[in-house]
Structures are given as C-alpha cells and as structure tokens.
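Have a look at the structure below before the remarks.
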Amino acid sequence: MTIDQKSSQADQGELEAEVPSSGSSFDPGSAAAGAPSVEIVRTRRRRRADSVWNDFFRKPATVTFLILLVAMVLLSTLGPLFAGDPVATDHPTLTPPSAEYPLGTDQLGRDYLARVLFGGRISLLVGFTVAFLCMTLGLIVGGLAGFFGGIVDAVLVKVAEFFQVIPGIVLALVAAALLGSNFVIIVTILALTMWPGVARIVRAETMRVTQLGYVESARAAGFSSLRILWSDVIPNAMPPVIVATTMTVGRAILVESGLAFLGIGDANRPSWGALLNSAQAYMAAGWWLALFPGLCIFIVVLSVNMLGDSLNDSLNPTIGRVK
Amino acid sequence: MTFLEVDKLSVRLPTGARSEVEAVTSVSLRVERGERVGIVGESGSGKSVTGRAIAGLLPTSPRVKVSGSVRFDGAELIGAPEGDWNEVRARTVGMIFQDPLTFLNPTMKIGAQVREALPPERRLTRQQADDEVQRFLGLAGLSDTAALAMRFPYELSGGMRQRVLIAVAIAKLPELIIADEPTTALDATVQMRVLKTLDESVASLGTSLVLISHDLAVVASMTDRLYVMYAGRVLETGPTNEVLARPRHAYTQALLRSVRSLTDDGVELWSIPPSLRQRFRSEGLDAVDLEETARAT
Amino acid sequence: MRSAVLHYAKLLLSSVVLLLVVITILFLLLELAPGDPVQTLVGDIPVSDAFRAQITASFGLDKPLLERYLIYVGNVFTGNLGFSFGTDEPVIDLIFSRIGNTLALALPAFVISTTGAIILGSIAARTRKRWLDGLISGTAVAIFSIPNFWLGLMLIMLFSITLGWLPTQGKSSYGQSGIQLQYLILPVLTLASSELAFKTRIMRSSMIEALGGDYIDTARSKGLSPRRVLWQHGLPNALLPMVTVAGYSLGFIFAGSVLVERVFGWPGMGLLFIDAIERQNNMVVLGVVIVITVTILIVNILTDVVYGLVDPRLRARFARPVRSVA
C-alpha cells in the first residue's frame with residue numbers, strides 16, 4: 001500500500017479493505033428473483049444515497065450537533081448586531097461574568113461578550129471559506145485526476161505528498177511572517193495547505209465510481225467525458241467528500257486559532273484565537289478571558305467533527321463487522 | 001448413535017442496521033461416522049451458513065439467532081456455553097474455507113498457523129510440534145515442508161494456500177471435516193488436484209465429511225449422500241447417485257436441467273424462471289414432505 | 001534484494017526532491033516579500049554594515065536571481081543556514097542548542113499517545129458494550145476538537161494557578177539547568193492529547209477491520225480462545241497501518257510543539273521559531289522550517305523502513321516467490 005492510500009484513509013479516519021467478493025458463478029438469476037442472499041458477499045460497503053441521508057438525519061447525534069452548530073453560527077452572525085461595542089473601553093476593567101456583563105470584561109474594560117461574538121464572525125468565516133475553497137478545488141483537481149488519470153493524477157499525488165511533509169501551520173507561519181497577515185492571505189494559505197487532503201479523497205472516490213459499469217456504458221452511449229464526470233461520477237462520489245469537507249472546517253478553525261494565538265491575524269478584528277492570545281497574561285486575574293473563546297472554538301469544532309463522524313458512520317456502518 | 005445430528009436448525013442473521021433475514025429455516029440433516037455428505041445449492045441457499053452453524057462459526061453479534069438442535073454423539077451444542085463450542089472446534093470439527101487468500105493470517109508464518117491447530121493436550125515439545133506440522137503439510141500434498149513452514153501466505157500460490165487450509169483442518173485429527181466450497185476460488189486444473197488431496201486425506205484419516213458446494217460435479221464425485229438446499233431449506237435428500245439420476249423435487253429437476261443445458265450441444269441455456277422459484281419458496285415444500293409423499297403413494 | 005535497494009533509492013530521491021521544493025518555495029517567498037532582500041533576512045532592526053556585508057557575501061545577495069538561488073540551496077545543503085541577527089550566532093548552532101528541549105517534549109508525547117491509542121482503540125473495537133465504545137470514541141472526538149493550546153491554558157489554570165500542584169512555565173526552577181520532571185508533565189500531556197485522540201480513532205477502525213477478516217474465522221475454527229484470537233490474529237494485523245500513522249504523527253508532534261512551547265514558555269525549537277517570527281529574524285525562521293522539514297523526511301523514511309520490516313507481505317515482495325506444482 002502506498003503512503004498516499006494510507007493517508008487518505010487516515011484522513012477519513014476509517015479504514016476499509018477491499019476483499020474479493022466470493023459470489024457463486026452458478027446462477028446469477030437467484031439474486032434477481034429475490035432469493036434471500038445470505039452468503040456474506042463482501043465488497044466495499046456502500047449504501048444507497050437516500051438511505052444514507054435518511055439514517056444520518058435520524059441520528060440523535062446529528063440533530064444535537066446540527067442544532068448546536070446552527071446556534072453558534074447564528075450567534076456569531078446576528079449576535080454582534082445586538083451586543084455592545086467590542087472596542088469601547090468605558091466599562092470597568094477585569095470584572096468576572098455577571099448579569100450585567102455575561103462574559104465579563106477584559107483588561108481594557110471592553111465588554112467581553114461583544115468581543116467573543118465579533119470574534120466568532122472571523123473564526124467561522126475563515127473556517128467555512130477555507131472549507132469551501134478546499135472542496136471546490138478538491139473536486140475539480142481530484143475529479144479530473146481520478147477520472148482521467150495521467151499527468152493531472154501524478155501531479156496531484158506529488159502535491160499532496162508535499163503538503164504532508166510540511167505541517168500546515170509551519171508553512172502558514174512562515175508565509176504570514178514574510179508576506180503579512182491579513183484575512184485574505186490567511187485564508188489563501190490555509191486553503192492551499194488543506195485542499196490536497198480533500199482532493200485525494202475526491203480522487204479515490206472518483207476512481208472507484210469510474211470503475212463501476214455505468215460509466216463505461218455512458219461513454220459507449222456517446223456522452224462526453226466531462227458530462228459523465230459532472231452528472232454521474234461526482235454526485236456518487238460526494239458523501240465521503242462531504243465528510244472530508246466538514247472535517248476541514250474544524251481543522252481550518254483550529255489552525256486559524258493557532259495562528260491567531262501566535263499573533264498572526266488582523267489586530268483590529270481579533271478572532272477567538274487572538275482573544276486567547278491576549279488572555280494569556282491574565283490567566284490568574286481573569287479566568288473568563290481564557291475560558292470563553294476557547295470554549296466557543298471547542299463547541300464549533302466538536303459539532304462539525306461530530307456531524308462529519310455521524311455522516312461517515314451512516315456511510316460505512318461498522319456495526320456487525322467484527323466477527 | 002448418529003455422529004452428527006442436526007434437527008430443525010434455523011438461523012437469523014442481521015442484514016443491516018434494522019433488518020434481519022432468516023438464512024436457514026428448519027434444516028435437518030445427519031452424518032454418520034465415516035460418511036461423506038454433500039450440501040448443494042446455489043449462492044444464497046443457506047448452505048454455507050448451515051455449515052458454519054454446525055461448527056458454531058457464525059458472527060458473534062448478539063443479533064444472530066440460532067434455534068434448533070446440533071448434536072455431536074448426542075451432546076447438544078445449541079445453547080451450550082462458548083467453551084463447549086471451542087472444545088468441539090479444537091478437537092472434533094475441522095473446517096476448510098473457500099478463499100485461501102483471505103482465510104490465512106497474512107502476518108503469521110504458515111508453520112505457526114498449522115501448529116496452532118494441533119490439539120493442546122498432546123503436549124508436544126516445540127520440535128515434536130514442528131515435525132507434526134510438516135507431516136500434516138505433507139499429507140496435504142505439499143513438498144519441501146520444512147522451508148514452507150517458514151514462509152508467509154503471500155509467498156504461496158492459490159493451490160498451495162488451499163492445501164495449507166486442509167493441513168490446518170486435519171492437524172487436529174478431527175472426526176468431522178466441513179469443507180465450504182473448498183475449490184471454488186481455484187483454477188480448474190488446480191481444483192481437480194486439491195479435491196483429490198482432500199479425498200485422500202479424508203480417506204486415510206477416516207473422518208466424516210460435509211462437502212458444501214454449488215458445483216454438482218464436485219459433489220457427485222466425492223459424496224455418498226446429498227442434501228439439496230434452496231432459500232434456506234432442504235428440499236431433497238438421498239444417496240447422491242439417486243438424487244442426481246432420479247430427482248424427485250421439482251427444484252432439483254430444474255437445477256439439473258439448467259446444468260445440463262450448459263453442457264449439451266445445440267440446446268438453449270435454461271435457467272430456472274422466477275415464477276418457478278416463487279413457487280418453491282412459497283410452497284415450502286421440502287424434504288420432509290417428499291418423504292411423506294413418497295410413503296403416502 | 002535488488003528491488004529493496006531500488007525502492008529505498010527512489011524514496012531517498014523523492015525526499016531530496018521534496019526538500020528542494022521546500023527550499024525553493026521558501027526562496028520564492030523571500031523574493032516575494034516586500035522590501036530589500038537583506039532587510040527581509042534580518043528584519044526591521046538596523047544592523048551594522050559589517051553584518052550586512054557578511055550576509056550579502058554569504059548569500060550572494062547582490063547577484064542575479066538564479067545564482068542567488070543556487071547559492072542558497074548550496075548553503076542549506078552544507079549546513080549554512082545563515083546567522084541570527086544581534087547575536088551573530090550561526091542559525092544552525094542556535095537550532096541545535098534548542099532541539100533537545102523539544103525532543104524532551106516530543107518523544108514522551110509520542111510514546112504516550114501511541115501506546116494509549118493502541119490500548120484504547122483495541123478496547124473500543126473489541127468490546128461488546130456499546131456504551132464503552134461510545135465513551136472512548138466520543139471522548140476521542142471531543143479531545144481531538146479541543147485546540148491544544150487552549151487545553152494547555154486550561155490545564156495551567158487548573159493545576160498551576162488554582163491547585164498549585166505544578167509549575168506554570170519553563171522547564172526548570174529559576175537558576176537550575178536541565179529539565180525537571182514536574183515541569184514536563186503539563187506540556188507533554190497537552191502535546192500528547194490531540195495525537196492520542198486521533199490515533200485512537202484510527203486504531204479502532206484498524207482493529208475493527210482486522211477483526212472482520214476471514215482469517216479470524218480460521219482462527220476460531222481451530223478452537224482458539226477469544227483472547228488468543230484477539231492478540232495473535234487481530235492485533236498484529238491491526239498494528240500494521242498504525243506504523244505508518246505513528247510515523248506521520250511523530251512529525252506532526254514535532255511541529256505541534258510550536259504552540260505548546262509558546263503556552264508553557266518552554267525553551268525549545270518551537271519557541272525559538274515564534275520569537276524569531278515576532279522579531280522578524282527571518283533567517284532563523286527559515287532555518288527552523290528547513291530543520292523541521294528534514295526531520296520529518298527522515299522520520300518518514302524510517303517509518304517506511306520499519307513498515308517494510310514488519311509487514312510480511314512487503315518482506316515477501318523482496319523475496320523470490322515460491323512456486324511448486326499445486
């Protein structure tokens with residue numbers, strides 16, 4: 001197994017072996033006639049798309065964390081409209097959370113609730129933007145690589161390998177140090193370091209789907225390759241890609257927070273990580289300063305990861321696989 | 001006393017998060033000492049599940065439900081603690097599986113895998129155990145056994161791996177061997193040779209044999225009695241020659257007709273039409289009824 | 001044997017190529033950075049003319065692009081990573097003086113996270129109690145979702161500030177050299193946690209996969225005890241993918257120490273890196289990146305070697321296949 005295959009499996013956090021199926025060659029008609037097919041035929045497990053989504057939305061984990069995530073998104077997008085001014089310093093400094101200041105105030109007398117809410121906008125915006133870019137780029141390059149193979153494929157594999165060697169955060173730190181640290185640069189760098197992971201999964205899925213019969217028959221019917229790719233292959237490859245994209249949201253937020261914590265980011269619009277950076281000096285005097293931004297990051301990333309996990313579980317149920 | 005008696009065995013298996021299927025319905029069969037019995041049927045007939053149920057090798061999930069009776073020399077196993085099943089598997093029943101590639105542990109040497117199958121109470125020294133391993137590998141038709149024991153499964157060809165599985169099964173000197181499609185995964189030429197080895201091993205050890213296969217030719221040459229299964233039930237049973245020459249159940253007749261259509265010249269390929277299948281399943285006509293019908297007429 | 005040599009030659013070659021790509025990208029970033037190249041290399045602090053001349057000579061900054069590139073590459077491969085401004089210390093010496101401290105964090109974190117993951121992942125996969133599996137898996141996802149620097153802050157607030165059990169910063173008490181155990185605990189714990197969570201999930205998947213293998217049926221058919229089936233048949237097969245995962249993990253632990261060292265004021269390579277970034281001591285910055293890259297490449301090669309030794313299928317690949325009349 002190549003490192004490449006292993007890592008894409010590691011990315012998914014789910015390993016599947018492809019075991020040759022042991023169907024009998026005697027009478028294929030038996031399946032068609034609806035005989036109970038009990039011989040445990042082992043192929044790469046996939047379920048029909050609609051049953052996957054049904055199962056997914058029925059799970060308690062999905063519902064809980066979807067609500068949580070939506071709540072956090074709403075709080076961050078709409079909350080700042082109702083909260084106070086995040087930069088006004090006319091409140092008493094370093095007051096613990098109370099009825100008047102639900103999240104307390106910081107060392108300069110700013111309303112912390114407002115700061116956290118505004119910070120959420122940045123963190124979430126970065127996370128979702130990066131994930132979206134990764135998915136788009138990943139779909140295009142990974143889809144082309146998996147479907148057509150050849151040079152695109154070879155290049156993609158090499159690029160993905162490269163980004164495995166250099167940890168994203170290190171590269172981001174260097175680039176930010178040399179080129180500056182505004183929002184656009186951060187998003188670009190993060191997207192650049194993370195898209196190969198998604199592209200690899202797209203490629204693997206595309207290759208799997210391409211091998212299935214109907215792609216060949218579509219080609220024989222005369223449809224153009226791009227048309228087949230767009231309307232047949234990609235939709236069937238989507239579920240694991242969606243899982244990977246949700247995981248990317250989490251990772252992007254974590255890396256962005258880390259960068260902000262180290263001081264890389266827009267000083268005028270601090271994200272949650274940047275708030276944590278300032279909170280470091282006040283760990284003894286203002287515990288709430290360090291608690292709340294981190295808690296927010298945790299809740300969002302947890303929700304996103306749990307959703308991704310839940311979807312992955314609906315795709316590849318592991319119940320009953322242990323002998 | 002009958003060596004192996006299976007009485008109204010039924011097995012329910014989970015097929016999804018919320019669904020189950022009855023893979024085997026009220027199957028009864030018996031095997032005498034030294035007898036060779038075949039279970040034949042198409043894929044999905046439940047023959048493999050039956051074989052595994054006899055050895056207690058169904059998945060360990062709590063959703064698997066087995067009912068009925070499986071008795072070795074009168075000792076009931078259904079409902080017995082897992083320790084009893086393990087005893088039976090360690091000494092009495094050897095199983096040969098279908099696909100030697102996946103049924104051998106890729107990280108363990110051949111010799112070690114065969115050595116594991118030797119019954120512990122023989123209390124062999126390491127050297128004695130190794131000698132026994134080589135003896136069984138040889139009985140299974142392999143040569144250069146000392147070197148072979150040091151190899152890993154990936155280094156062997158398909159036929160050799162299947163012979164290793166045979167060696168694993170006979171190493172415990174079992175009283176019964178259950179062979180589940182032992183040659184299906186092999187090339188045609190290799191199949192004949194491996195079957196011959198199986199034949200010789202069973203003959204020299206004097207064990208009973210349950211041979212499960214979809215291939216009528218394989219079963220015809222190797223078994224004394226035959227059970228024909230479809231959709232989880234036994235539809236017909238009798239001496240192998242009898243069943244194949246003068247089938248009584250409509251399904252067996254249809255089966256033989258479709259097989260012959262493969263080999264006859266100038267005859268169209270014939271397969272059992274869906275309407276007929278529906279009839280077989282819904283009527284539930286099986287071997288018991290055939291016996292009664294025969295007695296009544 | 002020859003195919004083994006070929007395989008490793010290819011691996012070595014691709015590693016060198018990757019290193020070259022990294023160096024090239026760093027070089028390009030330097031070029032893209034606004035301002036005069038010397039300024040970029042030394043940051044905003046004014047430096048003496050002598051220092052400036054030294055840098056210019058050493059890196060050929062007054063020469064055309066291609067020559068500069070080649071000199072840069074040549075420098076890297078001969079271990080000349082430039083000089084830290086202010087102290088004029090060669091960057092490479094500076095890095096090596098701090099790398100030991102980082103290893104003191106990285107290695108224990110690696111051992112803890114790997115062994116913990118193997119144990120917890122196996123339990124989660126094997127247990128019939130759904131709640132136990134859910135607990136382990138759920139906790140793993142939760143820990144995996146915690147930003148590790150925030151975890152560090154919380155741990156400090158709990159164990160150092162509130163409870164006073166452990167020190168807050170640094171690697172040893174004032175005036176002492178070397179590393180003291182109680183200073184090691186929180187940073188290692190923080191560093192190990194997210195890796196532990198990640199690897200537990202992978203181990204669980206891997207074990208489930210292994211226990212679903214057909215050879216488990218064969219093992220059971222021999223009448224082996226369930227314990228023996230798990231340890232002798234399940235675990236070895238489940239550990240194979242873990243070797244690769246563990247290898248990558250070591251590389252990332254190394255890099256992840258950047259954040260942890262900042263939280264705990266731990267004087268390792270990571271803290272050096274961050275300080276250098278803050279002060280725009282860019283030669284140190286680049287030097288650290290190169291050292292990290294080289295380390296990760298070496299670890300990857302070692303992982304490949306270990307994996308090749310451990311997986312019999314790969315050992316078999318290098319042996320002659322056995323064929324006889326079957």
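The values are calculated or read from the model by the stated rules, or taken from the named source; none is laboratory data. Because the structure is a prediction, the values reported are computed rather than measured. Counting neighbours? That spans all protein chains shown, and the Cβs are built from the backbone with ideal geometry, glycine included. These accessible areas exclude ligands, DNA and RNA; they are computed on the full protein's heavy atoms, side chains included. Shrake-Rupley method; radii C 1.70, N 1.55, O 1.52, S 1.80 Å.
Structure summary
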read-out	value
Residue among A:A204, A:A191, A:A177 that alone is buried (at least 17 other Cβ atoms within 10 Å of the Cβ) and either farther than 22 Å from A:A244 by Cα or over 20 Å from the mean Cα position of the chain (by Cα) (or both)	A:A177
Pair list, Cβ < 6 Å and 6+ apart or interchain, from the range B:183-196 residues that are facing chain C (nearest Cβ under 10 Å) to residues that are among the hydrophobic types (A, V, I, L, M, F, W, C) and open to solvent by less than 100 Å² (accessible area, probe 1.4 Å)	B:V190/C:A326
Hits in the range B:88-109 (condition: outside any helix (DSSP H, G or I), within 20 Å of B:R52 (Cα to Cα) and open to solvent by 20 Å² or more (accessible area, probe 1.4 Å))	B:Q98, B:D99, B:L101, B:T102
Residue match in the range A:111-131 (condition: surrounded by 22 or more Cβ atoms within 10 Å (Cβ to Cβ) and over 25 Å from C:S145 (Cα atoms))	yes
Residue match in the range C:261-269 (condition: free of Cβ contacts under 8 Å to residues at least 12 places away in the same chain, of a type in the set (D, E) and open to solvent by less than 10 Å² (accessible area, probe 1.4 Å))	no
Conditions (1) loosely packed, with under 14 Cβ neighbours inside 10 Å; (2) at negative phi; (3) at the interface with chain C (Cβ under 8 Å from one of its Cβ atoms); (4) not hydrophobic (A, V, I, L, M, F, W, C); number of the one not met by B:D144	(2)
Output for the range B:197-215, where each listed residue is away from every other protein chain (no Cβ under 13 Å) and open to solvent by 20 Å² or more (accessible area, probe 1.4 Å)	B:D199, B:E200, B:A203, B:S204, B:L205, B:G206
Matching entry among A:R269, A:R227 (being among the charged types (D, E, K, R), surrounded by fewer than 23 Cβ atoms within 10 Å (Cβ to Cβ) and part of a helix (DSSP H, G or I))	A:R227
Within the range A:304-319, tally of residues that are touching a Gly at 6+ places or on another chain (Cβ under 9 Å) and part of a helix (DSSP H, G or I)	6
Residue count, the range B:121-141 (criterion: within 11 Å of another protein chain (Cβ to nearest Cβ) and either open to solvent by 10 Å² or more (accessible area, probe 1.4 Å) or among the acidic types (D, E) (or both))	1
Options C:G121, C:G100, C:G116; residue that is farther than 30 Å from A:N305 by Cβ and open to solvent by less than 50 Å² (accessible area, probe 1.4 Å)	C:G100
Check on B:G38, open to solvent by 10 Å² or more (accessible area, probe 1.4 Å) and not in a loop (DSSP other than H, G, I, E, B)	no
Residues satisfying the stated conditions in the range C:117-132, i.e. touching a residue at least 12 places away in the same chain (Cβ under 8 Å) and either outside any helix (DSSP H, G or I) or in contact with a Ser or Thr (Cβ under 7 Å, 6 or more places away or on another chain) (or both)	C:A117, C:L120, C:G121, C:A124
Verdict on B:R30 being in a strand (DSSP E or B), at pLDDT 90 or above, under 16 Å from the mean Cα position of the chain (by Cα) and not hydrophobic (A, V, I, L, M, F, W, C)	yes
Count of residues meeting criterion [more than 17 Å from A:L103 (Cβ to Cβ) and either at pLDDT below 85 or surrounded by fewer than 20 Cβ atoms within 10 Å (Cβ to Cβ) (or both)] in the range A:281-311	2
Test: residue in the range B:54-64 that is of a type in the set (G, A, S) and assigned to a helix (DSSP H, G or I)	yes
Long-range neighbours under 9 Å by Cβ, at least six apart or interchain, first residue under 16 Å from B:T184 (Cβ atoms) within the range B:199-228, second open to solvent by less than 10 Å² (accessible area, probe 1.4 Å) and of a type in the set (K, R)	B:I212/B:K47; B:S213/B:K47; B:H214/B:K47
Residue that is nearest to the other protein chains (Cβ to nearest Cβ) [pool: residues in the range B:10-36 that are touching a residue at least 24 places away in the same chain (Cβ under 8 Å) and basic (K, R)]	B:R12
Hey, B:A112 in a helix (DSSP H, G or I) and within 11 Å of chain C (Cβ to nearest Cβ) or not	yes
Out of A:T105, A:T89, A:T136, sole residue that is at pLDDT 90 or above and among the polar types (S, T, N, Q)	A:T136
B:D73 vs. criteria free of Cβ contacts under 8 Å to residues at least 40 places away in the same chain and more than 18 Å from B:R12 (Cα to Cα)	no
Filter pass, B:I39 being within 30 Å of B:V259 (Cα to Cα) and either touching a Ser or Thr at 6+ places or on another chain (Cβ under 6 Å) or within 14 Å of chain A (Cβ to nearest Cβ) (or both)	yes
Neighbours by Cβ (under 9 Å, 6+ apart or cross-chain): first from the range C:199-222, over 12 Å from C:L239 (Cα atoms); second acidic (D, E) and part of a helix (DSSP H, G or I)	C:R201/A:D309; C:A219/B:E116; C:K222/B:E116
Condition check for C:E195: within 16 Å of B:T60 (Cα to Cα), under 27 Å from the mean Cα position of the chain (by Cα) and assigned to a helix (DSSP H, G or I)	no
Condition met for C:A219 (assigned to a helix (DSSP H, G or I), within 12 Å of chain B (Cβ to nearest Cβ) and open to solvent by less than 10 Å² (accessible area, probe 1.4 Å))	yes
Flag for A:N277 being within 25 Å of A:A204 (Cα to Cα), in contact (Cβ under 8 Å) with a residue 12 or more places away in the chain and touching a helix residue (DSSP H, G or I) at 6+ places or on another chain (Cβ under 7 Å)	no
Checking C:P167 against (1) outside any helix (DSSP H, G or I); (2) of a type outside the set (D, E, K, R); (3) more than 14 Å from every other protein chain (Cβ to nearest Cβ); (4) free of Cβ contacts under 8 Å to residues at least 40 places away in the same chain, the condition it does not meet	(3)
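Let's see how each residue does on (1) at pLDDT 90 or above; (2) crowded, with 19+ Cβ neighbours inside 10 Å; (3) assigned by TED's automatic domain parsing to the domain that holds C:W266; (4) out of contact with any helix residue (DSSP H, G or I) (no Cβ under 6 Å at 6 or more places or on another chain):
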{"position": "C:S145", "(1), (2), (3), (4)": "yes, yes, yes, no"}
{"position": "C:W165", "(1), (2), (3), (4)": "no, no, yes, no"}
{"position": "C:T168", "(1), (2), (3), (4)": "no, no, yes, no"}
{"position": "C:Q182", "(1), (2), (3), (4)": "no, no, yes, yes"}
